[in-house]
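*Asks:* One structure coming up, written as structure tokens, with questions to follow.
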């Protein structure tokens, strides 16, 4: 049998439960931050590929059009040579941008570990309050 000095009051128990819930919530936020940083780091490479591809597409467009214009101006009007080259480089740029966007879409932004632990914690709180 417990002595009166070792018995805890209902208020003490509730205060401990609230403190535990607060700690769990803080830990969940920390976990979410870590997961989002990891996912952000994984997204940086495809985003870099997208930016580099777009930049190279613009440079390629300019230099290729210039060089091809000089070559094609011998056999066709200048405007037609420029139009053909612009279409070719436009298709190439679209392919690079599509590849970068596809890689970005494959990254799941949802912090899965955090979602799972939040579900577990909600279940735990429900059990504690019964």
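FYI, it's all coordinate maths here, none of it is from the lab. As the structure is a computational prediction, the values presented were derived from the model and not from experiment. Don't worry about glycine lacking a Cβ; one is built from the backbone with ideal geometry, like all the others, and counts go over all protein chains shown.
*Asks:* Does the stretch 31-46 contain at least one residue that is more than 17 Å from the chain's Cα centre (by Cα) and assigned to a helix (DSSP H, G or I)?
*Replies:* no
*Asks:* Inside the stretch 67-81, can you point out the residues that are part of a helix (DSSP H, G or I) and surrounded by 12 or more Cβ atoms within 10 Å (Cβ to Cβ)?
*Replies:* Taking the stretch 67-81 as the starting set, the residues that turn out to be part of a helix (DSSP H, G or I) are 67-72, 78-81.
68, 69, 72, 80, 81, listed by residue number.
Residue-wise test of (1) farther than 30 Å from residue 26 by Cα; (2) more than 20 Å from the chain's Cα centre (by Cα); (3) part of a helix (DSSP H, G or I).
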{"residue": "83", "(1), (2), (3)": "yes, yes, yes"}
{"residue": "87", "(1), (2), (3)": "yes, yes, yes"}
{"residue": "97", "(1), (2), (3)": "yes, no, yes"}
{"residue": "104", "(1), (2), (3)": "no, no, yes"}
{"residue": "107", "(1), (2), (3)": "no, no, no"}
{"residue": "115", "(1), (2), (3)": "no, no, yes"}
{"residue": "121", "(1), (2), (3)": "no, yes, yes"}
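*Asks:* Follow-up. Consider residue 54 carefully, then state whether it is more than 30 Å from residue 114 (Cα to Cα), within 26 Å of the chain's Cα centre (by Cα) and assigned to a helix (DSSP H, G or I). Before you say what the answer is, go through the steps one by one.
*Replies:* Values: more than 30 Å from residue 114 (Cα to Cα): yes; within 26 Å of the chain's Cα centre (by Cα): yes; assigned to a helix (DSSP H, G or I): yes.
Judged against the criteria, residue 54 is a match.
Here is a yes/no grid of residues against (1) out of contact with any helix residue (DSSP H, G or I) (no Cβ under 8 Å at 6 or more places or on another chain); (2) surrounded by 13 or more Cβ atoms within 10 Å (Cβ to Cβ):
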{"position": "85", "(1), (2)": "no, yes"}
{"position": "92", "(1), (2)": "no, yes"}
{"position": "96", "(1), (2)": "no, yes"}
{"position": "103", "(1), (2)": "no, yes"}
{"position": "112", "(1), (2)": "no, no"}
{"position": "116", "(1), (2)": "yes, no"}
{"position": "121", "(1), (2)": "no, yes"}
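*Asks:* Here is a further query. With the requirement that a residue be under 21 Å from residue 81 (Cα atoms) and in contact with a helix residue (DSSP H, G or I) (Cβ under 6 Å, 6 or more places away or on another chain), what does the stretch 48-59 give you?
*Replies:* The answer is 57, and nothing else.
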